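**Q** This is the structure I have questions about; it appears just below.
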Amino acid sequence: MGSISTIGPFERLFAEGFAYRRAVQSPRNFVILLGIWLLFLPPLFSFSFMVLPLFSQGESNWSYIGWILYAAFILLFGTILFRVTKNYFADKAPNQS
């Protein structure tokens with residue numbers, strides 16, 4: 001990451017993606033783990049509750065599309081939380097060689 005990443009629009013997106021990837025792949029301390037949980041847990045709950053009314057709407061193409069989109073976001077956020085937690089505890093476990 002360079003100094004241009006603070007002012008360039010695309011560079012800022014790349015820098016943010018780099019920070020998220022680093023945090024998910026190797027969370028070094030508990031603050032990073034907690035920050036990722038605080039960042040991704042509220043959307044996970046909100047998407048989980050937003051998908052419930054789609055079951056009562058009946059059969060329409062929009063309800064199927066909405067259900068698929070909500071399920072994709074739930075899967076994405078759940079996977080991120082699972083991976084960051086798994087990697088945090090895997091780094092803390094003693095090496096067994």
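Read the figures in this text as sums done on the coordinates, not as results from a lab. These numbers were taken from a predicted model, which means no experiment stands behind them.
**Q** With the contact rule set at Cα under 8 Å and sequence spacing of 6 or more, what percent relative contact order holds for the stretch 3-92? Walk me through the numbers on the way to the answer.
**A** Working: 59 pairs, mean separation 35.2, N = 90.
Once divided by the residue count of the stretch 3-92, the mean separation gives 39 percent.
**Q** Evaluate the Debye formula for the stretch 3-92 with equal point scatterers sitting on the alpha carbons, no solvent, and hand back log10 of I(q)/I(0) at q = 0.20 Å⁻¹, in q order, two decimals.
**A** -0.93
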